[in-house]
Amino acid sequence: HLSPPRSERVGLRSTCMEHRVIEGKNREGEGKHPRNDPHACSSSVTNSKRSKLDKSPNETRVLQDLARAVALGAVTCDRNNMNARDFDEESVDSDDDDDLSESEEEEDDTTWIMWWCSLRGNEFFCEVEEEFIQDDFNLTGLNTMVPYYDHALDMILDVDPQPDLTDEQQEVVEQAAEMLYGLIHSRFILTSRGMHRMHAKYMNVEYGRCPRVFCQGQPVLPVGQSDVARTSMVKVFCPRCEDIFYPHSHRQGNIDGSYFGTSFPHLFLETYSDLVPLKPTQRYVPRIYGFRIHSSAKSRPRSALSKDPKKETNQDSVSKGDNVNRKA
C-alpha cells in the first residue's frame, strides 16, 4: 500500500486531535456531579420551580381538593373522638345510675324478716314465711302475750307504720315485734317447711358443736328449757350425749329459749331419723397417779383436813355450853 502525501497526513492528524479533545471534554462534563457544580445545582432548582409553576390548573384543583378532604377528615376524626368521649361519659353515668337503682331495689326488696334474721346474734333463727304469719290460726293466743300486738304484726309484715306513735311507743313496738316474731318462730319450726329450713342450718353446723370431747364434734340443735317467754335463755342440745350446753357465743346465749321451745330438737330427730348419731362408747375415768379412784372413796366421810375449822369451833362452844348447863 502507498502512504498518503505529507500534507494529507498532517491534516488527518489535526482532525484526529480535535476529535480527541472534544471527546475528552464531553467525558469530563458527564463525570461532573451537580452537587460539585454550583451552576448545575442552581439550574436544576430553577427548572424544578418552573416545572411546579408550569402545572396545569386541573392539577392545582386536584391538590386543593385533597387538602380540603384531609382537613375535613381531621375535623370528622375530632368530632368522632368527642362523640366517643361523650358516649363513654354517658355510659359511666348510666352505669352509676344503674348501680344506684339496683341498690335501691335491693333495699326495697329487703323485708323486715330478712333484715332481722341477718342481724349479728340472730343466726339461730330461720326466716318465717309471710303466708304462715298472715294465717290467724297460727297466731292464736299471741295477742294476749304481746303488747301492741297489732302494731308489732304490721311491723313484721312491712305494713306502713301509723304516725300517731311517740318515740317511746315506737321503741316498745320494736321490742314487741321481736318478741312476737320469736313466738311465731317457735311454732313455725315445728312445721315441715320450718324443719326443712332448720335442717339446712343444722347441716351447715350453724348452731355449733358439742363441747364434750367424746362426742367428737357432734352438731347440736337449739332448745329451750321452757315454753313460757322470759323464763330461761336458749341452750343447745347434743343428739349424741343427749345433754344441753350453753351456746358458744354470748350473743346467741341471750336469746329467749321460748323462741325455740322444748319440743323442737326431739321432733326434728324423729323427722330426720337418719341424723340420729350413735351413743358415745367412751367415758372419762378420773385417775390419781394412773390409778382409778375406787367407788368406795366417794362414799367415805370427809377427812379431818377437809373440815372447816370455824364450824368445829362453833360446835365445840355449843357442846361446852351444854355441859355447863347440865352441871348447873
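Here are a few things to note about the model shown:
- Subset of segment 131-150 (residues that are open to solvent by less than 70 Å² (accessible area, probe 1.4 Å) and either under 12 Å from S186 (Cα atoms) or touching a helix residue (DSSP H, G or I) at 6+ places or on another chain (Cβ under 8 Å) (or both)): F132, I133, N138, L139, L142, V146, P147, Y149
- Looking across segment 245-280, just one residue is in a loop (DSSP other than H, G, I, E, B) and either of a type in the set (D, E) or without any contact (Cβ under 8 Å) to a residue 24 or more places away in the chain (or both), and that is Y246.
- Taken over segment 240-296, the criterion of being within 36 Å of the chain's Cα centre (by Cα) and among the aliphatic types (A, V, I, L, M) is satisfied by I244, I255, L267, L269, L275, V276.
- The listed residue being more than 30 Å from H248 (Cα to Cα), open to solvent by less than 50 Å² (accessible area, probe 1.4 Å) and more than 30 Å from the chain's Cα centre (by Cα), out of L165, L157: L165
Table: residues versus (1) within 28 Å of C241 (Cβ to Cβ); (2) in contact (Cβ under 8 Å) with a residue 24 or more places away in the chain; (3) not in a helix (DSSP H, G or I).
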| site | (1), (2), (3) |
| --- | --- |
| D150 | no, no, no |
| D160 | no, no, yes |
| E168 | no, no, no |
| E174 | no, no, no |
| I184 | no, yes, no |
| L190 | yes, yes, yes |
| M195 | yes, yes, no |
| H199 | yes, yes, no |
| P211 | yes, yes, yes |
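- Long-range neighbours under 8 Å by Cβ, at least six apart or interchain, first residue closer than 22 Å to G141 by Cβ and touching a residue at least 60 places away in the same chain (Cβ under 8 Å) within segment 215-244, second assigned to a loop (DSSP other than H, G, I, E, B) and open to solvent by 10 Å² or more (accessible area, probe 1.4 Å): A229/M145; V234/P247; V234/I255
- Condition check for Y207: surrounded by 13 or more Cβ atoms within 10 Å (Cβ to Cβ) and in a helix (DSSP H, G or I): no
The values are calculated or read from the model by the stated rules, or taken from the named source; none is laboratory data. Since this is a predicted model, take the numbers as computed values, not measurements. Quick reminder, even Gly has a Cβ in these numbers, built from the backbone with ideal geometry, and neighbours come from all protein chains shown. Just so you know, the surface numbers come from the protein's heavy atoms only, side chains and all, with ligands and any DNA or RNA stripped out. Shrake-Rupley method; radii C 1.70, N 1.55, O 1.52, S 1.80 Å.
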